[in-house]
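The values are calculated or read from the model by the stated rules, or taken from the named source; none is laboratory data. Note that the structure is predicted; figures quoted are calculated from it, not measured. Positions of Cβ are backbone-derived with ideal geometry, glycine not excepted, and every protein chain shown enters the neighbour counts.
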Amino acid sequence: MPNLLAEQIDTLAAFVPTALPVISLYLNTQSDGHGRDHFASFLRKELHTRARTFAPQSAAHASFARDVERIEKYLANELRPATNGLALFACAGAENFFEAVQLNAPLERHEIYVDCRPHLYTLALVNKQFPRYAAVVADTGSARLFVFGLSGAISEDRVESTKMSRTQTGGWSQARYQRHMRNDHQHHAKEVLEVLDRVVRKEEIQYIVFAGDPAVISLLEKQLSPFLAAKVIDVLRLDIRTPKRQILEATLAAMRRREAKDDSEKVEHLIGDYRSGGLAVVGVPDVLAALSNGQVEEVLLSSSTSGESGTASETIMAQARQTGARCRLIEDAALLAEVGGVAASLRYRN
């Protein structure tokens with residue numbers, strides 16, 4: 001299954017910069033304990049303040065005013081109650097450009113940017129922070145299989161195996177009973193892995209987290225195909241009865257640990273290439289130059305280059321997507337701090 005948010009980011013990145021104002025709005029739309037949201041005052045203040053920066057009779061002011069009206073109507077009529085985060089992009093003067101992305105994942109804070117192109121760093125960061133992955137919680141008789149992503153639990157499957165009690169075995173010897181139970185457990189593990197394989201292939205899952213009874217997890221690991229084994233990133237201790245929300249939190253934490261480890265290794269490898277004179281460049285000017293030449297294979301971009309003054313990060317992200325280069329956001333700003341927050345691996349040198 002394709003990553004629809006990544007496709008939306010690619011579409012937004014293709015927006016041609018304009019002299020008219022482009023609004024990029026990020027709102028945390030989570031309701032409090034009383035069912036109320038808390039973005040209205042932020043929005044009213046920020047839109048009013050920015051509207052005053054345009055000459056009253058200018059085309060930019062007219063475009064901005066139309067955007068404000070459309071945004072207010074959208075929030076009043078089209079914001080779904082289950083939405084916890086909203087990313088919205090608008091420029092009425094550019095052929096009524098308007099794109100809204102409603103997310104079940106919450107945003108850390110409200111943000112607004114008015115520039116010549118959509119501000120995409122925050123949306124790309126959300127896409128990275130909430131990857132699609134499979135989680136399996138199993139015991140000797142049952143298993144719960146989840147696919148988690150931006151919308152929380154995207155799907156859930158359950159595998160139940162027939163349990164044989166001691167009283168059903170009649171005059172069986174202890175050894176025979178234990179052998180039969182081992183066979184049942186192995187069959188259960190096989191059934192779980194068959195369902196998991198089907199789900200992983202259908203949903204195009206890249207990562208798997210196991211959790212549950214250690215004995216069953218051990219059986220699952222022994223029967224894993226190379227295809228599935230390559231995707232397992234962690235094994236946790238969770239009871240089969242653990243609520244879905246807690247399973248999501250625990251497995252997502254495992255995913256974050258893996259992402260942090262991968263980020264560190266990526267940066268270390270790329271910086272090593274740069275030091276040794278390999279196919280790598282660092283710093284905003286050199287990375288932008290390499291992107292302009294179509295040389296870049298992958299960009300590593302730190303959060304230190306984002307924010308109100310992060311025009312460079314938006315330019316880098318847009319050029320990377322337009323030239324077919326991968327762009328990986330590095331959440332730990334310290335990893336790239338000494339090289340200006342950005343580095344890139346190259347396909348070739350001039």
For helices (runs of 4 or more DSSP H) lying entirely in region 235-350, having 1 or more residues that are modelled with pLDDT under 95, buried (at least 20 other Cβ atoms within 10 Å of the Cβ) and of a type in the set (Gly, Ala, Ser) picks out 311-322
Heads up, the strands (runs of 3 or more DSSP E) in region 1-111 (entirely inside) with at least 3 residues that are modelled with pLDDT of 95 or more and in contact with a Ser or Thr (Cβ under 8 Å, 6 or more places away or on another chain) are 85-91
request  = Examine region 169-176 for a residue that is out of contact with any Ser or Thr (no Cβ under 9 Å at 6 or more places or on another chain), at pLDDT below 95 and among the basic types (Lys, Arg), and state whether such a residue exists.
outcome  = no
Per the filter on region 211-234, residues of a type outside the set (Gly, Ala, Ser) and assigned to a loop (DSSP other than H, G, I, E, B) are Asp213, Leu224, Lys231
